[in-house]
1. Any idea what angle helix 64-81 forms with the longest principal axis of the chain, computed on alpha-carbon atoms, 0 to 90 degrees, nearest 10?
2. Cα axis of helix 193-206 to longest principal axis of the chain: angle in degrees, 0 to 90, nearest 10?
3. For I193 and L205, calculate 0.36 nm times their separation in residues minus their Cα-Cα distance, and state this gained length in nm to one decimal.
4. As I understand it, the value is the acute angle between the Cα axis of helix 31-42 and the longest principal axis of the Cα atoms of the chain; what does it come to in degrees, rounded to 10?
5. Which distance in nm do the two modelled labels at T234 and V302 give, with both placed 7 Å along the Cα-to-Cβ direction?
6. Amide H neighbours of Q62 under 5 Å, at least 5 residues apart or on other chains, H built in the peptide plane: list them.
7. For the pair E401 and K328, how long in nm is the line joining their label points, each one 7 Å along Cα→Cβ?
8. Taking Cβ-Cβ under 4.7 Å as the only way to count a partner, pick out the unpartnered cysteines of the chain.
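Readers should treat all values here as calculations from the given coordinates under stated rules, not as data from a laboratory. Predicted model only: the values in this text are computed from it and were never measured. Heads up, the Cβs are rebuilt from the backbone with ideal geometry, glycines too, and the neighbour counts pull from every protein chain shown.
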Amino acid sequence: MEAGDESFTQKKEKAKKKKPKLLNKFDKTIKAELDAAEKRRKRGKVEEALKAFETLVADYPQSPRARYGKAQCEDDLAEKLRSNDVLLRAIGSYEEVSTLPNVPADLMKLALKRRANRQQFLGRTRGSVVTLQQLVQLYPDDISLKNDLGVGYLLLGDNKKAQEVYEQVLLQDPSNGFAKVHYGFILKADNKIAESIPFLREGLLSGEPGTDDGRFYFHLGDALQRAGDKEAYTWYEAGYKKGHFASVWQRSLYNVNGLKAQPWWTAKETGYTDLVRTLEANWKIIRDEGLAVMDETKGFFVPEDENLREKGDWSQYTLWQQGRKNEKSCKAAPRTCAFLERFPESTGCRRGQIKYSIMHPGTHVWPHTGPTNCRLRMHLGLVIPKTGCRIRCANDTRSWEEGRVLIFDDSFEHEVWQDADSYRMIFIVDAWHPELTQHQRKTLPAI
């Protein structure tokens with residue numbers, strides 16, 4: 001490489017080390033006042049600093065640095081008071097910085113990036129994306145801003161726009177690891193399994209900030225499994241060693257640490273013996289209500305939509321979802337719902353479901369893991385062909401029996417085969433993990 005011929009990576013490194021320029025010509029004339037106010041902020045005297053910056057804004061309304069200091073103080077105060085109203089004021093102040101004349105480029109970038117970040121924090125994802133779009137227009141050569149915009153589109157659920165952004169990034173910087181893992185993630189979501197693998201793998205191997213995320217290890221391993229590549233477990237092992245998974249087998253991402261972890265459970269181990277007894281004692285009633293719904297119209301059962309099937313026909317009829325009762329569904333299965341009302345550990349499980357599940361011959365469900373270790377899953381056999389139906393959880397494979405409950409932790413890898421000559425119907429009941437406290441059961445967010 002000749003002298004003066006810098007690589008893209010070297011330029012990025014230099015940009016990182018460069019101290020941002022935050023003062024325009026006018027702000028340099030009031031630097032002492034700005035520094036005094038900033039000193040108070042850095043010492044944690046937020047209210048004092050805010051008053052000082054508000055005075056500066058009143059005295060010098062065209063000062064971008066004073067306005068930015070005011071925004072930072074409001075931001076700090078919002079965190080201190082845990083106040084969304086104060087945070088909204090900060091978001092407005094960050095925007096005001098961008099409307100002033102002669103704003104230094106570094107200050108403009110800092111103000112708008114923080115505005116986008118705070119909008120996202122408040123769940124105002126669409127507003128955050130608009131701010132990021134503004135940043136990308138102002139600084140088209142800053143790849144990190146495009147990467148942030150791609151994440152914004154993903155949070156909005158607009159994978160197509162995110163894909164376009166990451167394609168642009170990879171044209172500018174073909175080795176960008178952050179763009180690669182996200183681009184691979186999008187391809188995988190679009191069921192382009194083989195295409196997703198090199199992007200996910202190379203992105204993770206880059207080690208760049210933002211790539212060391214359990215979701216990417218999870219999806220690379222899953223893509224490799226679906227491609228029949230045993231390297232999947234190498235990546236699961238790497239994800240486990242990085243602390244993203246509880247174990248190579250247990251790969252849920254929304255967890256409570258310290259809960260007892262094993263693939264299969266007995267009713268006695270769960271402590272939910274009354275629930276299990278009730279399900280088994282009334283299995284024929286539960287079965288008959290499910291069959292009545294199934295016979296009335298196939299439209300009542302909704303096809304599985306999580307892209308878990310390699311092939312086949314698998315559909316569900318849901319009674320409770322995320323701790324909320326589906327009143328309309330329960331009208332068609334009133335006795336079943338009445339049995340369950342006695343068991344808040346299940347009906348109140350905001351990280352679970354209660355549903356009928358029908359699987360037709362020729363169905364195979366890919367190896368997969370549930371999202372959380374906070375629940376246990378019960379399967380009550382309702383209509384079970386004599387042979388051909390089995391479920392593997394971790395390295396133990398079992399079969400269903402009519403009128404009997406199987407209990408497993410679906411945060412462990414599990415896989416299902418339906419190779420019988422007729423349909424299989426089971427009743428799925430999720431319940432809180434028995435070691436969760438009452439406080440945790442009330443406060444854990446839904447999944």
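1. It is inclined by approximately 40 degrees.
2. Its long axis makes an angle of about 50 degrees.
3. On the way: separation 12, 0.36 × 12 = 4.32 nm, distance 1.85 nm.
Stretched out fully, the I193 to L205 stretch lengthens by 2.5 nm.
4. 30 degrees
5. 4.0 nm
6. Long-range HN contacts for Q62: none found.
7. Here the answer is 3.9 nm between the modelled labels.
8. So far as the 4.7 Å Cβ criterion goes, C73, C349, C374, C389, C393 stand without a partner in the chain.
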